[in-house]
Amino acid sequence: MTLLEAPFRSQLRVLSLTGLSEEARMVLLQLGVEPGEALEKMHVAPLGDPLTIRIGEQLFTLRKEVCGLIEVES
Amino acid sequence: MSQEILLVGRPNSGKTTLFNRLAGTNQKVGNYAGCTVEKKTSIVTSPEGIEFELTDLPGMYSLKPNTMDEEVALKHLDSMRSTAYLVFVVDGNNLEQELILPLLLHHRGLTVAIAVNMMDEVSENGKSINTDALRTRTGIEFFPLSAKTGDGVEALKNHILSKTRPKNPRAVLAPSVLQMPEEQFRLAHKEAKAESKRLSLACVTQGLDNRLLRRDLRIDGIILHRLFGPVLFFAIMFVVFQSIFTWASPLSDGILFFISKAQEVVRSNVGAPLLSSLLSDGILAGVGAVLAFVPQIGILFLLIGILEYSGYLPRVAYMVDRVMKPFGLDGKVFIPLLSSVACAVPGIMATRTIENERTRITTIMISPLMTCSARLPVYTLLISTFVPAARVWGLSLPGLVMFAMYLLGTVTALVVALILHLTSSNKKKNVIDMIHLPHYRTPDWKLLLRYVWGRISVFLRKAGTVIAGMAILLWVLLSFPRDEAFRASMENNLKTANAEQKEQIQNQIAAKDLENSIAGKTGKFLEPVFRPIGYDWKLTIGILSSLAAREVFVSTLGTVFSLGKVEGHEEGLSATLRAQKTEDGKLKYTLATCLSLLVFFAFSLQCISTIGVARRETNSWKIPATMFVYMFTLAYTAAFIVYQVSSLLLK
């Protein structure tokens with residue numbers, strides 16, 4: 001499933017980032033989003049986009065279109 | 001040449017707070033060449049009297065740039081001198097992620113010192129970091145500190161200013177890291193990441209409960225709540241808007257009161273009329289034009305400072321991101337645009353909080369289209385003079401027109417943003433739009449006041465000089481040359497006149513002076529240009545003089561129609577405007593003229609202060625010149641269509 005479809009507030013593991021461009025993957029890599037790494041989907045903005053993601057102890061927001069391209073497993 | 005010390009770190013690592021601690025009040029604010037990214041430097045002197053140049057580099061997450069700020073920081077690292085020394089600032093709360101970048105550079109042979117910031121929060125969180133162990137394992141100097149409280153900053157300062165600290169063995173970073181091929185970079189990153197993981201496992205004692213993150217999530221649950229979140233958002237935005245729209249004006253009025261007192265003193269004490277006029281109407285008025293903005297800027301940045309330090313500002317951006325997305329903007333644009341509804345000058349200054357260069361420029365370009373408070377006196381005069389006080393669907397027509405003007409400004413601003421978005425090459429767009437949500441914190445008043453003062457002093461020194469200069473130049477154009485023969489004959493009449501006649505004569509002199517001035521002659525010369533949109537030379541002079549500030553249009557019309565001061569009793573001016581006839585006896589100014597003027601003022605950049613501040617914020621005349629031209633073109637075209645169409649329809 002993609003990060004967009006994944007349930008809130010549960011531990012997820014990144015499987016792949018294949019739909020994203022090379023540059024986008026490099027940016028995410030340096031935030032700590034890469035295959036094998038853990039993350040958690042925390043909540044969604046009042047208007048439905050973007051989403052908050054917890055990586056380690058930090059909270060980041062990512063827009064839906066990016067979340068839709070991140071494959072995860074629980 | 002003094003040695004360079006560079007502060008490097010992620011955005012939100014507390015780098016700038018640490019910079020302020022190390023630099024004290026001795027700071028220089030400029031821009032990096034060719035872009036709007038702000039450059040902060042300071043000269044710090046060691047006890048031995050050696051000078052060091054301390055630079056606060058823009059925040060960066062990585063060596064593969066996502067934003068203009070990162071690109072600028074990397075370029076600076078790329079070209080730094082061999083004597084330069086890097087101090088990495090990392091957030092101790094998130095050491096495992098934050099150590100990757102400094103370790104990567106260290107592996108490439110670049111000596112770094114690491115300031116582990118936010119130690120106060122680390123211990124509050126029940127964690128501890130063994131910096132001695134980190135030092136022994138890596139050979140890097142580690143300094144645990146809190147830039148917020150100041151603990152540990154002295155030790156770092158002593159280290160970077162000492163003669164014994166290591167120098168960089170490598171002259172330049174490139175091409176070893178910056179131009180590293182993708183695969184090699186991945187490997188280097190992996191290696192650094194693995195070491196960072198090992199180090200944090202060995203040297204960081206985890207707290208039991210992750211108190212801070214859990215507290216953040218609890219607060220987020222309320223503040224970002226589907227219903228309560230937007231309610232709180234509107235309440236806070238209302239306060240922000242009110243503060244610059246309403247609360248700042250008594251302070252501005254106070255400043256202008258002192259300026260007017262000073263003008264009176266000059267007028268009554270300086271004998272030579274020309275010098276007295278230059279001092280009071282030229283220089284003092286120019287200085288007043290600048291100082292009048294200080295309360296707005298001070299209050300707005302105090303509020304932005306509180307919102308930013310407390311962690312709410314990034315969450316505002318998060319909540320409104322969805323609204324701004326269709327226009328190619330992001331959530332950070334909201335506060336600058338909202339501020340511009342009061343005044344584009346603080347609005348444009350507030351674009352500092354937007355990290356993306358392209359978005360920042362777009363916001364600067366569109367913010368003068370928002371209906372600022374300086375347009376209100378003009379709109380009020382025009383609407384009350386020409387729009388019939390009728391009712392439409394039970395609503396007052398003048399009120400509806402005023403509302404339509406606000407709507408027109410906002411919609412046009414967003415449409416222009418969309419056009420800029422669709423036509424720009426995507427080169428400088430962020431690869432990923434993301435916002436870091438920092439911990440909630442209580443703002444520190446000292447840091448806050450220093451931040452506010454920083455913004456005010458930059459405005460006064462960098463933008464204020466340009467604005468005052470332009471104001472004085474405009475005054476010269478509006479006052480010279482004078483028809484001395486006419487003045488002499490009128491002053492003769494003054495001697496025999498009674499009080500009422502005196503005022504009339506003085507008003508006539510003022511009108512004649514304005515008509516004969518360079519600006520007055522230019523207005524007459526330009527009349528053919530403005531005739532197609534319905535203006536005669538008198539209105540054209542009004543348009544020219546309103547470059548100083550839009551509301552000056554009203555007082556200039558007062559002068560040009562020999563009415564003297566009209567502020568506070570505009571009814572006389574309204575009646576005069578309505579009564580003007582053309583040579584063949586028809587009404588000179590009609591509803592069509594009014595609509596044309598409304599549209600013209602909505603779109604054109606009639607404000608030297610905005611031009612001055614846009615120059616300062618973008619570090620070149622290119623953006624303000626572009627703004628002036630595109631807004632004038634838009635204003636003229638729209639006014640032409642409105643005037644021609646409404647003249648036909650209203651016949």
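Exactly one of these conditions fails for residue B:525: (1) surrounded by fewer than 14 Cβ atoms within 10 Å (Cβ to Cβ); (2) touching a Lys or Arg at 6+ places or on another chain (Cβ under 7 Å). Give me its number.
Just one mismatch for residue B:525, condition (2).
Matching residues to (1) farther than 30 Å from residue B:14 by Cα; (2) at pLDDT 90 or above:
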residue: B:403; (1), (2): yes, no
residue: B:409; (1), (2): yes, yes
residue: B:412; (1), (2): yes, yes
residue: B:434; (1), (2): no, no
residue: B:438; (1), (2): no, no
residue: B:443; (1), (2): no, no
residue: B:472; (1), (2): yes, no
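This table checks each residue for (1) more than 30 Å from residue A:53 (Cα to Cα); (2) hydrophobic (A, V, I, L, M, F, W, C); (3) part of a helix (DSSP H, G or I).
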{"residue": "B:267", "(1), (2), (3)": "yes, no, yes"}
{"residue": "B:271", "(1), (2), (3)": "yes, no, no"}
{"residue": "B:283", "(1), (2), (3)": "yes, yes, yes"}
{"residue": "B:286", "(1), (2), (3)": "yes, no, yes"}
{"residue": "B:299", "(1), (2), (3)": "yes, yes, yes"}
{"residue": "B:306", "(1), (2), (3)": "no, yes, yes"}
{"residue": "B:315", "(1), (2), (3)": "no, no, yes"}
{"residue": "B:320", "(1), (2), (3)": "no, yes, yes"}
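Quick check: is even one residue across the stretch B:18-30 crowded, with 18+ Cβ neighbours inside 10 Å, at pLDDT below 80 and either in contact with a Lys or Arg (Cβ under 9 Å, 6 or more places away or on another chain) or in a loop (DSSP other than H, G, I, E, B) (or both)?
Residues of the stretch B:18-30 crowded, with 18+ Cβ neighbours inside 10 Å: B:18-23, B:27.
Next, from what is left, pick out any that are at pLDDT below 80: B:27.
With either in contact with a Lys or Arg (Cβ under 9 Å, 6 or more places away or on another chain) or in a loop (DSSP other than H, G, I, E, B) (or both) added as a condition, the list becomes B:27.
The answer is yes, given that some residue of the stretch B:18-30 is crowded, with 18+ Cβ neighbours inside 10 Å, at pLDDT below 80 and either in contact with a Lys or Arg (Cβ under 9 Å, 6 or more places away or on another chain) or in a loop (DSSP other than H, G, I, E, B) (or both).
Please pick out the residue among A:63, A:25, A:9, A:13 that is crowded, with 20+ Cβ neighbours inside 10 Å and either touching a residue at least 12 places away in the same chain (Cβ under 8 Å) or out of contact with any helix residue (DSSP H, G or I) (no Cβ under 8 Å at 6 or more places or on another chain) (or both). Outline the logic, then answer.
Working: A:63 fails: crowded, with 20+ Cβ neighbours inside 10 Å; A:9 fails: crowded, with 20+ Cβ neighbours inside 10 Å; A:13 fails: crowded, with 20+ Cβ neighbours inside 10 Å.
A:25 is the lone residue from the list that is crowded, with 20+ Cβ neighbours inside 10 Å and either touching a residue at least 12 places away in the same chain (Cβ under 8 Å) or out of contact with any helix residue (DSSP H, G or I) (no Cβ under 8 Å at 6 or more places or on another chain) (or both).
Do we find a residue being farther than 28 Å from residue B:305 by Cβ and not in a loop (DSSP other than H, G, I, E, B) anywhere in the stretch B:7-14?
Going residue by residue through the stretch B:7-14, those that are farther than 28 Å from residue B:305 by Cβ are none.
Within the stretch B:7-14, none of the residues are farther than 28 Å from residue B:305 by Cβ and not in a loop (DSSP other than H, G, I, E, B).
Using the structure shown, decide if residue B:633 is assigned to a helix (DSSP H, G or I), over 15 Å from residue B:535 (Cα atoms) and in contact (Cβ under 8 Å) with a residue 60 or more places away in the chain.
no
Just wondering, is there one or more residues in the stretch B:299-319 that are closer than 23 Å to residue B:71 by Cβ, within 14 Å of chain A (Cβ to nearest Cβ) and out of contact with any Lys or Arg (no Cβ under 9 Å at 6 or more places or on another chain)?
Looking for residues that are closer than 23 Å to residue B:71 by Cβ, within 14 Å of chain A (Cβ to nearest Cβ) and out of contact with any Lys or Arg (no Cβ under 9 Å at 6 or more places or on another chain), one finds none in the stretch B:299-319, hence no.
For the stretch B:156-187, what are the residues that are surrounded by 14 or more Cβ atoms within 10 Å (Cβ to Cβ), of a type in the set (A, V, I, L, M, F, W, C) and either closer than 22 Å to residue B:119 by Cβ or modelled with pLDDT of 75 or more (or both)?
B:156, B:160, B:161, B:185
Can you pull out the residues in the stretch A:46-64 that are in contact with a strand residue (DSSP E or B) (Cβ under 6 Å, 6 or more places away or on another chain) and more than 7 Å from chain B (Cβ to nearest Cβ)?
Residues of the stretch A:46-64 in contact with a strand residue (DSSP E or B) (Cβ under 6 Å, 6 or more places away or on another chain): A:50-55, A:59-62.
Listed by number, the residues that qualify are A:51, A:53, A:54, A:55.
Go through the stretch B:216-230 and count every residue that is touching a helix residue (DSSP H, G or I) at 6+ places or on another chain (Cβ under 9 Å) and either surrounded by fewer than 15 Cβ atoms within 10 Å (Cβ to Cβ) or not in a helix (DSSP H, G or I) (or both). Give the derivation first.
To start, the set of residues in the stretch B:216-230 that are touching a helix residue (DSSP H, G or I) at 6+ places or on another chain (Cβ under 9 Å) comprises B:220, B:222-225, B:228-230.
From what's left, either surrounded by fewer than 15 Cβ atoms within 10 Å (Cβ to Cβ) or not in a helix (DSSP H, G or I) (or both): B:222, B:224-225, B:228.
Number satisfying all stated conditions: 4.
So which residues in the stretch B:578-613 are more than 17 Å from residue B:371 (Cα to Cα), at pLDDT 85 or above and among the aliphatic types (A, V, I, L, M), if there are any at all?
B:591, B:592, B:613
Looking at residue B:53 and the list (1) in contact (Cβ under 8 Å) with a residue 40 or more places away in the chain; (2) in contact with a Lys or Arg (Cβ under 7 Å, 6 or more places away or on another chain); (3) assigned to a strand (DSSP E or B); (4) not hydrophobic (A, V, I, L, M, F, W, C), which single condition is not satisfied?
For residue B:53, the failing item is (2).
Conditions first: (1) assigned to a helix (DSSP H, G or I); (2) in contact with a Leu (Cβ under 7 Å, 6 or more places away or on another chain); (3) surrounded by 21 or more Cβ atoms within 10 Å (Cβ to Cβ); (4) among the small types (Gly, Ala, Ser). Residue B:609 passes all but one, so which condition is the exception?
(2)
From B:257, B:233, grab the single residue that is surrounded by 16 or more Cβ atoms within 10 Å (Cβ to Cβ), part of a helix (DSSP H, G or I) and aromatic (Phe, Trp, Tyr). Write out each step before concluding.
On the way: B:257 fails: surrounded by 16 or more Cβ atoms within 10 Å (Cβ to Cβ).
Criteria check complete, one pass: B:233.
Listed here are the residues, each with its yes/no results for (1) without any contact (Cβ under 8 Å) to a residue 40 or more places away in the chain; (2) more than 14 Å from every other protein chain (Cβ to nearest Cβ); (3) farther than 30 Å from residue A:56 by Cα; (4) of a type in the set (Asp, Glu).
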{"position": "B:374", "(1), (2), (3), (4)": "no, yes, yes, no"}
{"position": "B:378", "(1), (2), (3), (4)": "no, yes, yes, no"}
{"position": "B:393", "(1), (2), (3), (4)": "yes, yes, yes, no"}
{"position": "B:418", "(1), (2), (3), (4)": "no, yes, yes, no"}
{"position": "B:438", "(1), (2), (3), (4)": "no, no, no, no"}
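Please tell me if residue B:241 is at pLDDT below 85, under 33 Å from the mean Cα position of the chain (by Cα) and farther than 30 Å from residue B:122 by Cα. Give the derivation first.
Numbers: at pLDDT below 85: yes; under 33 Å from the mean Cα position of the chain (by Cα): yes; farther than 30 Å from residue B:122 by Cα: yes.
Taking the combined requirement at face value, the residue satisfies it.
Restricting to the stretch A:28-39, what's the tally of residues that are under 24 Å from residue A:9 (Cβ atoms) and buried (at least 16 other Cβ atoms within 10 Å of the Cβ)? Spell out the reasoning first.
So in the stretch A:28-39, the residues under 24 Å from residue A:9 (Cβ atoms) come out as A:28, A:31-39.
With the extra rule that they be buried (at least 16 other Cβ atoms within 10 Å of the Cβ), the set shrinks to A:28, A:31-34, A:37, A:39.
Selection size over the stretch A:28-39: 7.
In the set B:570, B:617, which member is crowded, with 17+ Cβ neighbours inside 10 Å, within 31 Å of the chain's Cα centre (by Cα) and within 28 Å of residue B:343 (Cβ to Cβ)?
On the way: B:570 fails: within 31 Å of the chain's Cα centre (by Cα).
Result of the check over B:570, B:617: B:617.
If a residue counts only when it is within 14 Å of chain A (Cβ to nearest Cβ) and in contact (Cβ under 8 Å) with a residue 60 or more places away in the chain, which strands (runs of 3 or more DSSP E) contained entirely in the stretch B:62-156 have at least 2 such residues? Spell out the reasoning first.
Working: elements: B:85-91, B:112-117, B:141-144.
The qualifying strands (runs of 3 or more DSSP E) are B:85-91.
Give the stretch B:478-509 a look and list any residue that's touching a residue at least 60 places away in the same chain (Cβ under 8 Å) and either of a type in the set (A, V, I, L, M) or in contact with a strand residue (DSSP E or B) (Cβ under 7 Å, 6 or more places away or on another chain) (or both), or say none. Break it down into steps so the answer makes sense when it comes.
Filtering the stretch B:478-509 down to residues touching a residue at least 60 places away in the same chain (Cβ under 8 Å) leaves B:478-479, B:503.
Across the stretch B:478-509, the qualifying residue is only B:478.
When the stretch B:214-251 is examined, which residues are found to be within 11 Å of chain A (Cβ to nearest Cβ) and in contact (Cβ under 8 Å) with a residue 12 or more places away in the chain? Reasoning before the result, please.
Taking the stretch B:214-251 first, the residues within 11 Å of chain A (Cβ to nearest Cβ) are B:214, B:216-217, B:220-221, B:223-233.
Residues satisfying the conditions are B:216, B:220, B:223, B:224, B:229, B:230, B:233.
Return a yes/no flag: does the stretch A:13-25 have any residue that is over 12 Å from the mean Cα position of the chain (by Cα), more than 11 Å from chain B (Cβ to nearest Cβ) and among the hydroxyl-bearing types (Ser, Thr, Tyr).
Scanning the stretch A:13-25, I find at least one residue that is over 12 Å from the mean Cα position of the chain (by Cα), more than 11 Å from chain B (Cβ to nearest Cβ) and among the hydroxyl-bearing types (Ser, Thr, Tyr), so the answer is yes.
Across the stretch B:524-536, what is the number of residues that are part of a helix (DSSP H, G or I) and farther than 18 Å from residue B:486 by Cβ?
Going through the stretch B:524-536, the residues part of a helix (DSSP H, G or I) turn out to be B:524-533.
Within this subset, residues satisfying the condition of being farther than 18 Å from residue B:486 by Cβ are B:525-533.
Looking only at that region, the number is 9.
The values are calculated or read from the model by the stated rules, or taken from the named source; none is laboratory data. Just so we're clear, the structure is a prediction, and the values are computed from it rather than from any experiment. Please note: Cβ atoms are built from the backbone with ideal geometry, for glycine as well, and neighbour counts cover all protein chains shown.
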